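Heads up: the structure comes next, in structure tokens.
The values are calculated or read from the model by the stated rules, or taken from the named source; none is laboratory data. Quick caveat: nothing in here was measured; it's all calculated off a predicted structure. When we count neighbours, we look across all protein chains shown, and the Cβ atoms used for this are built from the backbone with ideal geometry, even at glycine. Side chains included, ligands, DNA and RNA excluded: accessible areas come from the protein's heavy atoms. Shrake-Rupley method; radii C 1.70, N 1.55, O 1.52, S 1.80 Å.
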Amino acid sequence: MPFVELDTSLPAERLPPGLAQTLCAAAADILGKPAERVNVTVRSGLPMVLSGSAEPCAQLAVSSIGVVGTAEQNKAHSARFFDVLTAQLGLGPDRIVIRFYPLEPWQIGKNRTVMTFL
């Protein structure tokens, strides 16, 4: 059950229509998870500073069970997420940062229990 959270200083009107759905499909493909399990949040127009600069930027947080736990996995994921984000947001790769968080099944609640028991 991946969670993808995009924070950007870009105003909502500069984001492409359907960005959350595009990120959902991309994350499912990149992480090898069904789109029905991917959760996406997009927050725009945020006051942000990246690398000391307030120029337009974005931060992506990707959390998932079993697929973001190694440097090798995340190196491959990073390249693919950067391709999507630079194309969708019109930002250079130097204005985007990605954080990966491995999760355990007991850390995600769903249907009144945790993923461990589903």
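Annotation: residue 49 carries an accessible surface of approximately 100 Å², with a 1.4 Å probe and no ligand, DNA or RNA atoms counted.
For the chain, the longest principal axis of the alpha carbon atoms and the long axis of helix 19-31 meet at an angle near 50°. Considering only beta bridges that DSSP places wholly inside the chain, some 40 percent are antiparallel. Take every Cα pair under 8 Å whose residues are at least 6 apart in sequence, average their separation, divide by the length of the chain, and the relative contact order is 30 percent. Based on DSSP H segments of at least four residues, each scored -39500 (n - 2.57), the chain has a per-residue ellipticity at 222 nm of -9000 deg cm²/dmol.
According to the Kirkwood relation over distinct C-alpha pairs, the hydrodynamic radius of the chain is 14.8 Å.
May I ask you to order 102-115, 7-20 by the average number of other C-beta atoms within 10 Å around their residues, highest value first?
Taking the mean over residues of other Cβ atoms within 10 Å, the ranking is 7-20, 102-115.
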